[in-house]
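*Asks:* Please see the structure below; I have some questions.
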Amino acid sequence: MTFNSRRLAGSADIELLLDWVRAIRPAERVTDYPSVIDLRQVLSLPHNQQTTRLWFAEAGELLGFAFVDVFRTLRFELDWRQTTPTLEAEIMAWGNACLTTTTTTAPASPLYATAHQADTVRLAYLARQGFIREADWVVHLERALALPIAPPQLAAGFTLRSVEGEPEAAELATLHREAFGTPHMTTERRLTLMRTAHYDPALDLVVVSAEGARAAYGLANVNPEENELTGQNACYADLFATHPLYRGRGLARALLVTLLQRLQARGFAIAKLNTSSENGPMLQVATSAGFEIVATTLRFAHSPDLS
């Protein structure tokens, strides 16, 4: 098969990618990250736009795309019915090229990738390209909202409220960076989350200490388009951060339970939550609030050839 490729060329290409993913992704993989919903958001970020490349058949049919995000993770989709070893190799080469030209990490830094535990096609591709499974993974949990929800218990001296609009974005981004010790949650990224079509301020919560410091936050989001694709009446409650100074006081649980109550009141049937297998405290909070593990997404790394 003859094919060609080019970089992302604006909003028309983003819409093309969204329509293509809807058409070619199997129903059982429709919510895998990045989903149709995720793509609209992540491709609005300048870094991801700069690293996105599209591959086309000679007749102009889209065959695949790939980008490398700020976490040095290769995000890609292929029409596996039309793939070839050459095309697969180009996806991999593009990922390595992006890692070299758009990051300031050392040359020996690995390129990462992910695959749902049941996605045998993607798992086989990663194996062919020399990726090695990492020790951690993403845990997917769900909770039926018809079940009773215990009332939140907030530690003395703290108050819980909704976020007061975009002027608070910079402080929330700072809280996130300090909570996780990473630079990736910028004010711009936080604003992107707050400017999505279905952002609900009542589902964006912050806990404030007696001294007025933002101690923790929790954000839930609703994806009507994803529910249409899956036939579910579901929502996500899975973005939480607690400042290191305020851990161990039950703030994340109070945020999660409050969000569950508000989602239940809105008539949703299922709450979903994703977190790292290494995030023991969040897993404990989630399971104590009634969540159960339903699946995992495995993480892989490909180290550069230093020979």
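*Asks:* Going residue by residue through the range 40-47, is there one that turns out to be touching a residue at least 40 places away in the same chain (Cβ under 8 Å) and assigned to a strand (DSSP E or B)?
*Replies:* no
*Asks:* Condition first: touching a helix residue (DSSP H, G or I) at 6+ places or on another chain (Cβ under 7 Å) and more than 25 Å from P152 (Cα to Cα). Can you find one or more residues in the range 261-269 that meet it?
*Replies:* No, that holds for no residue.
*Asks:* Give, as residue ranges, the strands (runs of 3 or more DSSP E) completely inside the range 177-244 that count at least 1 residues that are under 14 Å from the mean Cα position of the chain (by Cα) and closer than 29 Å to A156 by Cα.
*Replies:* Strands (runs of 3 or more DSSP E) meeting the threshold: 214-221, 234-242.
*Asks:* Next question. What tally of residues in the range 190-247 results from selecting those that are without any contact (Cβ under 8 Å) to a residue 24 or more places away in the chain and of a type in the set (D, E)?
*Replies:* Final tally of qualifying residues: 3.
*Asks:* Starting from the range 290-302, take each residue that is among the β-branched types (V, I, T) and modelled with pLDDT of 95 or more and list its partners that are surrounded by 19 or more Cβ atoms within 10 Å (Cβ to Cβ) and in a loop (DSSP other than H, G, I, E, B), counting only C-beta distances under 9 angstrom and pairs at least six apart or across chains.
*Replies:* Short answer, once both residue conditions are applied: T297/D32.
*Asks:* Something else about it: Here is a list: L123, L74. Which entry is outside the structural domain of V257 (by TED's automatic domain parsing) and either free of Cβ contacts under 8 Å to residues at least 24 places away in the same chain or surrounded by fewer than 20 Cβ atoms within 10 Å (Cβ to Cβ) (or both)?
*Replies:* L123
*Asks:* Quick one: is L175 touching a His at 6+ places or on another chain (Cβ under 7 Å), in the same structural domain as T242 (by TED's automatic domain parsing) and surrounded by 16 or more Cβ atoms within 10 Å (Cβ to Cβ)?
*Replies:* Against the criterion (touching a His at 6+ places or on another chain (Cβ under 7 Å), in the same structural domain as T242 (by TED's automatic domain parsing) and surrounded by 16 or more Cβ atoms within 10 Å (Cβ to Cβ)), L175 qualifies.
The values are calculated or read from the model by the stated rules, or taken from the named source; none is laboratory data. Computed from a predicted model, the values in this text were never measured in an experiment. Glycine gets a Cβ as well: all are built from the backbone with ideal geometry, and neighbour counts include every protein chain shown.
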